[in-house]
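The values are calculated or read from the model by the stated rules, or taken from the named source; none is laboratory data. Please read these numbers as outputs of a predicted model, since none were measured by experiment. Glycine also receives a Cβ, built like all others from the backbone with ideal geometry; neighbour counts cover every protein chain displayed. Each accessible area value is taken on the protein alone, full model and side chains, heavy atoms only, with ligands, DNA and RNA left out. Shrake-Rupley method; radii C 1.70, N 1.55, O 1.52, S 1.80 Å.
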Amino acid sequence: MSPRTPPAAPGCDFSVKPVLTGEKALLRPFSEDDVPVMAEILADPEVLRLTGSPVTDFDPERLHAWYATRSEQDDRLDLGVVDRASGELVGEAVLMEWDEPNRSCTFRILLGPRGRDRGLGTDATRLIVGYAFERLRMHRVALWVFAFNPRARRAYENAGFVAEGVERETLLHEGEWIDAVRMSVLSREWAAHRGRPAGPRTLPAD
Ligand SMILES: CC(C)(COP(=O)(O)OP(=O)(O)OC[C@H]1O[C@@H](n2cnc3c(N)ncnc32)[C@H](O)[C@@H]1OP(=O)(O)O)[C@@H](O)C(=O)NCCC(=O)NCCS
């Protein structure tokens, strides 16, 4: 750890499951009661298409076991995304693949139809990424987004992510090869971005 890097807050790691409150979204730990709603969201055709998920038929028992145990995981942070206006669970936001020595992790998010296109995705992304940098002292948070998902890319850009490379033709979708774009945000960029209005950003020249 660099001497200039403050340590993570005591007891603050992926085993801690916080409640994070934003303007439109609230992120909170999962419970078994969330299984029916998440089953519906994960079966949404747009979620399946845009996440490149090959699974269309989720085994109810496995799904139950998955969401019932999210709060026990210390190597990843899975949080439910709640629409603050309705109190409804509309999706999930996840930090995972924690590379502790290098203080980096990956991020993924998905929202069902009732959560989309109202700024919740941007808000939820900002909340969990802010938590990664400000509480967990991450240096880098990265993600993959398919090229046919400009909405997600825009939401990520609004939260400070920049595109850094393309993995070519990584998904075969309905007979067409789709690229995936690698995006990331670094701690110093997050610090600079926090107070900024939303808008697209490009990778700095250096
Ligand atoms: C991707 C996702 C998290 C975004 O969340 P959201 O709440 O729907 O998005 P937001 O309303 O916060 O922001 C979307 C942004 O994209 C823009 N947008 C919407 N459709 C767009 C399109 N077709 N092309 C370009 N930009 C688009 C919106 O205008 C908005 O930008 P702005 O705030 O600068 O105007 C959510 O739509 C989702 O989960 N979709 C299904 C699964 C998925 O795609 N997961 C991500 C896999 S990488």
- [ ] Would you work out the charge dipole size for the chain about its Cα centre, treating the Cβ of every Lys and Arg as +1 and the Cβ of every Asp and Glu as -1, and quote it to the nearest 20 debye?
- [x] 1120 debye
- [ ] Compute the distance in nm between two label points, each set 7 Å from the Cα along the Cα-to-Cβ direction, one at residue 176 and one at residue 76.
- [x] 2.9 nm
Task: Longest DSSP-loop-exposure-free segment, trypsin sites (Lys or Arg not before Pro), the chain, at most 12 other Cβ within 10 Å - done: 5-193
Task: Once exposed loop GluC sites (Glu not before Pro) are cut out (DSSP; at most 12 other Cβ, 10 Å), longest piece of the chain - done: 24-173
Task: Accessible area of the chain belonging to carbon and sulfur atoms, whole % at 1.4 Å probe - done: 50 percent
Open item on the list: Can you compute the radius of gyration and Dmax for region 20-193, using only the Cα atoms, both in Å?
Closed with: 15.7, 44
- [ ] Kindly provide the helix-only [θ] at 222 nm of the chain, computed as the sum of -39,500 (n - 2.57) over DSSP H runs of four or more divided by all residues, to the nearest 500 deg cm²/dmol?
- [x] -7500 deg cm²/dmol
- [ ] Kindly report the accessible area of the chain per residue (heavy atoms of protein chains, probe 1.4 Å, no ligands, DNA or RNA), in Å².
- [x] 53 Å²
- [ ] Express as a percent, rounded to the nearest 5, the fraction of DSSP beta bridges in the chain (both residues included) that run antiparallel.
- [x] 90 percent
Task: With DNA, RNA and ligands ignored, accessible area of residue 38 (1.4 Å probe; Å², nearest 10) - done: 0 Å²
- [ ] Could I have the simple spin-label model distance between residue 64 and residue 96, label points 7 Å from Cα toward Cβ, reported in nm to one decimal?
- [x] 2.2 nm
Task: Cut-off under 5 Å, modelled amide H: who pairs with residue 90 long-range - done: 81, 82, 83
